[in-house]
Amino acid sequence: MRIEINGKPATTRSATLAELIDEQGFDAASVATAVDGVFVPKGLRPRTPLAEGSKVEVLSPMQGG
Amino acid sequence: MFYGTDLTCRLMLGTAQYPSPAVLREAIAASGVEVITMSLRREGPDGAAFRDLLAQSGCRILPNTAGCQTASEAVTTAHMARELFGTPWIKLEVTGHADTLQPDPFALVEAARILCADGFAVFPYTTEDLILGEKLVEAGCKVLMPWGAPIGSGRGLRNIDGLRAMRAHFRDIPLVIDAGIGAPSQAAQAMEMGFDAVLANTAVARAVDPVAMAAAFAKAVAAGYEAFRAGLMPPRDMAVASTPILGMAALS
């Protein structure tokens, strides 16, 4: 299935957001996630299915003013 | 004072644009700030180093929604920040244009209403407009963060009269001057006018010596606050001799 992670095209076998986070090597505890512009809390990642074309954002704390 | 939290140091520090994470860490230590702002971004090369710094700073984190141009983007970002930073505090920025970075008052109020109702402690980045301020307070904001000047411009308090009116109008709402502060003297001026705190970033990060500048800002903010509490004399247009005339010799 082809999706987008942080704006870049990617191919994945993960069925859920939780699997994708693991598969892509993110530290699951230190990122926040959204799918198609909607926040997905940590606890809901295993129950959040991915679909063809899903746009996934995986964000971390960064410098800011 | 800020959603039930009192601050000893009334300077807040942004964490962007420093020459290195080490310099940022030293600047935080040198200024004694208790609140630092951060953002949420796609994981970059220095992400891990930054997370370590964050953990060691001992500061309260004020995450921002910088870059968001719609209420829904800002609300989603706020939710992500709350989970990641473990705080209900959110510096709500909804800008109307990528170049001016001016707050979009309509989207700002919309996002503030949604987030306040959802239990967030919202610090809205706003203008000195009184009606907008009232709408934000009605939405549930217990702090307002008016701009001094456009973000990163270093122009100081560009509309002194408007800011003074805002201070007078919102007597019981903590007001933090956010954005546009370029020099410690400008920060001191804001504090002398009775503002509750000042947030600085670019002026510190882009200084030749950011660590020394962070300390200078902290001192200026503390001095301005003390001066406000001491009560400034009213200005006069004409000279008034400070040395007594009584007892002066007749020498002519």
Binned at 10 Å starting from 0, the alpha-carbon pair-distance distribution of the protein assembly as shown in whole percents comes out as 6, 25, 31, 20, 10, 4, 2, 1, 1, 0, 0
Of the candidates B:Asn159, B:Ala121, B:Ala241, the farthest towards the positive dipole end of chain B (Lys/Arg Cβ +1, Asp/Glu Cβ -1, centred on the Cα centre) is B:Ala241
Rounded to two decimals, the Debye log10 I(q)/I(0) of the range A:22-65 (Cα scatterers, no solvent) at q = 0.23, 0.27 Å⁻¹ is -0.88, -1.15
Helix B:21-31: inclination vs chain B longest Cα principal axis, degrees, rounded to 10, gives 40
Counting other chain Cβ atoms within 10 Å of each Cβ in A:53-62 and taking the mean gives 6
Check: C-alpha center the range B:204-252 vs C-alpha center the range A:18-43, spacing in Å is 53
The percentage of the accessible area of the range B:1-158 (probe 1.4 Å, all protein chains present) made up of carbon and sulfur atoms, to the nearest whole number, is 51
So, with points 7 Å from each Cα along the Cβ direction, the B:Thr70-B:Ala230 label distance in nm works out to 5.2
With the convex hull built on the alpha-carbon atoms of the range B:1-98, volume per residue in Å³ sits at 118
Sparse-neighbourhood loop hits (GluC sites (Glu not before Pro), chain A; DSSP loop; Cβ within 10 Å at most 11 others) -> A:Glu52
Note: the range B:97-220, point scatterers on Cα, Debye, no solvent; log10 I/I(0) at q = 0.22 Å⁻¹ equals -1.23
Two pseudo-spin positions, 7 Å from Cα along C-beta at B:Phe106 and at B:Asp237, lie apart in nanometres by 4.4
What helix-only [θ] at 222 nm does chain B give? Using -39500 (n - 2.57) per DSSP H run of at least 4, over all residues, to the nearest 500, the answer is -12500 deg cm²/dmol
Residues meeting the amide H criterion for B:Trp89 (H placed from the backbone, H to H distance under 5 Å, 5 or more places apart or on another chain) are B:Ala121
FRET efficiency for B:Ala48 and B:Asp209 from the Cβ-Cβ distance with R0 = 35 Å, rounded to 0.05, comes out at 0.85
Here the range B:178-186 yields Karplus 3J(HN,Hα) values (6.51, -1.76, 1.60; θ = phi - 60°; whole Hz; Gly and Pro given as x) of 10, 6, x, 6, x, 8, x, 4, 5
Listed by chain and number, the lysines with an alpha carbon less than 25 angstrom from that of A:Lys8, same-chain partners under 8 positions apart left out, are A:Lys42, A:Lys55
Candidates B:Ala27, B:Ala239, B:Ala111; GNM for chain B (alpha-carbon contacts under 10 Å) flags as most fluctuating B:Ala239
Once all protein chains are kept in place, A:Lys8 shows an accessible area at probe 1.4 Å, nearest 10 Å², of 140
For the B:Ala117, B:Ile160 Cβ pair and Förster radius 25 Å, calculated FRET efficiency rounded to 0.05 is 0.15
Summing +1 per Lys or Arg and -1 per Asp or Glu among the other residues with Cβ less than 13 Å from A:Arg2's Cβ gives +1
Counting other chain Cβ atoms within 10 Å of each Cβ in B:79-90 and taking the mean gives 4
accessible surface per residue for the range B:1-60, probe 1.4 Å, DNA/RNA/ligands not counted, whole Å² -> 44
From most to least accessible, 1.4 Å probe, no ligand or DNA/RNA atoms counted, B:His79, B:His169 line up as B:His169, B:His79
Long-range share for chain B, i.e. C-alpha pairs more than 29 Å apart as a percent of all pairs, stands at 30
The alpha-carbon center of the range B:151-191 and that of the range B:3-51 are separated, in whole Å, by 21
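The values are calculated or read from the model by the stated rules, or taken from the named source; none is laboratory data. Computed from a prediction, not measured in an experiment: that's the story for all the values here. Note: ideal-geometry Cβ built from the backbone for every residue, glycine included; neighbour counts use all protein chains shown. Ligands, DNA and RNA are stripped out before the accessible areas are found, and what is left, the full protein with its side chains, is counted by its heavy atoms. Shrake-Rupley method; radii C 1.70, N 1.55, O 1.52, S 1.80 Å.
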